[in-house]
Amino acid sequence: MWSYEKRLQYPVRITNPNPKIAQVILSQYGGPDGELGASLRYLSQRYTMPNRKVAGLLTDIGTEELAHLEMVSAIVHQLTRNLTPEEILAQGFQNYYVDHTAGVYPASAAGVPFTAAYIQSKGDPITDLSEDLGAEQKARTTYDNILRLVDDPDVRDPIAFLREREIVHYQRFGEGLRMITEELDAKNFYAFNPAFDKQAR
Amino acid sequence: MENNMNCGCTQNALTGPTAMQLAQAGFVIFDLLLYLDTHPTDQNALSYFAAKKSQYEQAKAAYVQQIGPVRISDVDPADGWTWGETPWPWEV
Amino acid sequence: MACAAPMQAAPAPAACGCETPSEQTSREACLCNMSLAMSYVLMQGWAQTYEPAVALSRGTIFPELDLPFLAAGRIC
């Protein structure tokens, strides 16, 4: 189960609201490669991961992604404080605002609501870890794209932190894949699905 | 929204030295945790974890004493329900 | 694919003798223990760690995993 620590993994303290950038950063909350998808993906995959240590890795990274979800939403919330209608229109925030006011809602920057279609839990350890490696790179690229658009150091600092975490997760999932393949026959890793079949026939 | 500041601290405390020490110590053991998940028998990592775990516990104790609870289990009912008193982590 | 030279000692199933990038091991010695149609990430080995304050600001305790984005003007 989960317990909660009343602190952010990395502090977020943004002085200057900026709803235009908030809308971009929202993609890392409810977008295709965001933290909500990441946490659900890893926490869903762990049940059918036959290697217990890799199941532990999925649990721990999935938990960290929930902490990142909290950071991203804190950033979005702090960027959308004290807005006037004039600022909302001037910054192009009106489409999100009309449906959510300044509420934090899981959607992409383009306004597409979060969907489980962004993730896969395929029940095959090689497939699931390959999906996870791809997911971490997609998240990193999204943070790269955000960093190109943002000048405010109060925003860049936590975003750069989150980006670095994706690189570390990629390394760990890669190691997890090595651990999985070590338990399989190197002559044919795909002879059977160790999460479902008892053995190759 | 009611903002009860009985703890005597302000949102600045969330980025002050006590909070930063907890954030740093907590982060070190977390990054180490992921390394140990894939290197469970690495003795260097295990002894580093032991050292950093006690640093985390000290930093957390200082935070709880000076600022407020980190986990529900840190709440001392004799002080009242302090869980909701300190700023929430997303508040500026 | 024939191996150019046999490994010195019998390696663990996925170990290839070039786990840490600094080791000078022949390409073939590494690839001999790998299979087609599989991706491989090197296993990280324990080396230096950052001090906690640096670690938090960089986003990892491991300097060798500290790979910042440099294409956005400000170094971050």
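Every number here is computed from the coordinates shown, using simple stated rules; none is lab data. The model shown is predicted, which means the values in this text are computed figures rather than measured ones. All Cβ positions, even for glycine, are placed from backbone atoms using ideal geometry, and neighbour counts span all protein chains on display.
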Worksheet entry | Between 0 and 90°, nearest 10: helix B:43-66 axis offset from chain B longest Cα axis | 10
Discussion item. Could you tell me how far the Cα centroid of the range A:1-79 sits from the Cα centroid of the range A:120-197, in Å?
Written reply: 14
Fill in: Hits among lysines - C-alpha to C-alpha of A:LYS198 under 22 Å, sequence gap 8 or more where chains match
A:LYS53, A:LYS122, A:LYS187
Response to the item:
For the pair A:TRP2 and A:LYS187, the simple spin-label estimate (label points 7 Å beyond Cα toward Cβ) gives in nm 4.6
Worksheet item: Hey, what do the phi angles of the range A:90-95 turn into as Karplus ³J(HN,Hα) couplings, whole Hz, using 6.51/-1.76/1.60 and θ = phi - 60°, x for Gly and Pro?
Response: 5, 9, x, 9, 5, 5
Worksheet entry | Positive-pole candidate from A:TYR143, A:PRO113, A:GLN45, dipole of chain A, charges at beta carbon | A:GLN45
Discussion item. Let me spell out the model: positive unit charges on the Cβ of Lys and Arg, negative unit charges on the Cβ of Asp and Glu, origin at the Cα centre of the range B:19-86. What dipole size does that give, in debye rounded to 20?
Written reply: 140
Worksheet item: Which lysines does B:LYS60 reach when only Cα atoms under 20 Å apart count, and residues fewer than 8 places away in its own chain are ignored?
Response: A:LYS6, B:LYS52
Item to complete: Determine the dipole magnitude for the protein assembly as shown: charges of +1 sit on the beta-carbon of Lys and Arg, -1 on that of Asp and Glu, nothing else is charged, the reference point is the Cα centre, and the result goes in debye to the nearest 20.
Response: 420
